[in-house]
Amino acid sequence: MHGLFTPDFDLASANQPAADTRRASSIHVENLHRSFGADVALDGISLTVNPGEFFTLLGPSGCGKTTLLRLLAGLDEPDTGRIEMGGAAMAGVPPHQRSVNTVFQSYALFPHRDVRGNIAFGLEMRSWSASRVEGKINEIAGLIGIFDLLDRRVDQLSGGQRQRVALARALVNEPDVLLLDEPLSALDAGLRSRLQVELKRLQRQLGMTFVFVTHDQEEAMVMSDRIAVFNQGRVIQIGTPQEIYEQPHEQFVAQFMGHQNFVPITGRDEFGIDTLLGHFAGQFNPGDLLLLRPEALRLNTSSHESCHSFMANVDECLYRGGLTEYRLISGGLSLVAMAANQGGASYQPGERVEVTVSPSGMATLYH
């Protein structure tokens, strides 16, 4: 395997992509099935992860994300189906023979070892010399930003520091694929946000294939090149964060990505469509659902007679820092609009407003 943390590794050049300096592996999964008794964990999963891609498995608890991660790691075997990494079939290949490392949600650090000993463990299992191990530890600790923690005990570390140690222990073995099982879920919001940025930057620097598991849609959108949305053991949709958010294929995907504005289309004529909110220009079909993204709704107190507008009553006004969330009632429907707080007008409960919809903020969900 091509080495990454070589003695002449230049941390000053770490801002440059390193995809050409290592061999990142592709992953191909075909028709995977895995059941535990009567419980179906994976129901015919097929997907491909490109070399050097940050690929996220997104979905609710129990949807099959972690089961797939365990199959990729070799910690479990599928009932049927095929897994390939770097073009090689993984059937029967034990975990220690796969160029894969896993970062777990619980960190899984050794409490009886200090930080240095935790990072060194995998290299010691490969019978490296003490001097070579020490050099490698120093390099990865510098890259991850934990050099000053090497002599601390695990119980002396904060949650964010423990997460960095777990990441360093996985990366020091130079895997072609890094699997991450909700590694940031136990952290507070501010630290979690900072580590999201750091982890994405690190992945780009290393050019390594990352497969990341999360149930947090915002985290998935911030970090991923592509996302696979899971539900009940199936892949519902695969796409870029923008595709998943703006053009969901099913109502489940739209709801999981945080959308709440679903408007039944009741009729259609040559000029557009009829809905419970009124008439809209558009070429959607009766029986489908019209999705109105919250950030695409603009509130005004006077009518502009737009071909994409309707009247609504403000039910709730929720201040969220940079944004204000408006809960609206119109046509018997509850809707949500998100407005940036930029010193403009604000609206109070009971106020009647015109809501103008950006055409780019409309999508259809086929039934």
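Brief remarks follow.
- Whole-number percent relative contact order across the chain, with pairs defined as alpha carbons under 8 Å at least 6 apart: 17
- Taken along the Cα-to-beta-carbon direction at a fixed 7 Å, the label points for residue 262 and residue 112 span 5.3 nm.
- Were the residues from residue 281 through residue 216 laid out at 0.36 nm apart, the gain over their Cα-Cα distance would be 20.0 nm.
- FRET efficiency, 1/(1 + (r/R0)^6) with R0 30 Å, evaluated for residue 185 and residue 89 via beta carbons: 0.40
- Measuring between their Cα centroids, segment 36-67 and segment 117-132 lie 32 Å from each other.
- Fluctuation leader among 84, 53, 270 - the chain, Gaussian network, Cα springs under 10 angstrom: 270
- Of the beta bridges in the chain, as assigned by DSSP with both residues counted there, near 75 percent are antiparallel.
- The stretch between residue 127 and residue 38, if pulled fully straight at 0.36 nm per residue, gains 27.7 nm over its current Cα-Cα span.
- Square roots of 5 times each gyration tensor eigenvalue, C-alpha, segment 216-367, largest first, Å: 26, 21, 12
- Considering helices alone, the calculated mean residue ellipticity of the chain at 222 nm is -7000 deg cm²/dmol, with DSSP H runs of length four and up weighted by -39500 (n - 2.57) and normalised per residue.
Every number here is computed from the coordinates shown, using simple stated rules; none is lab data. Note that the coordinates shown come from a computational prediction; the quantities given were computed from them, not determined experimentally. We place every Cβ from the backbone using ideal geometry, glycine too, and count neighbours over all the protein chains shown.
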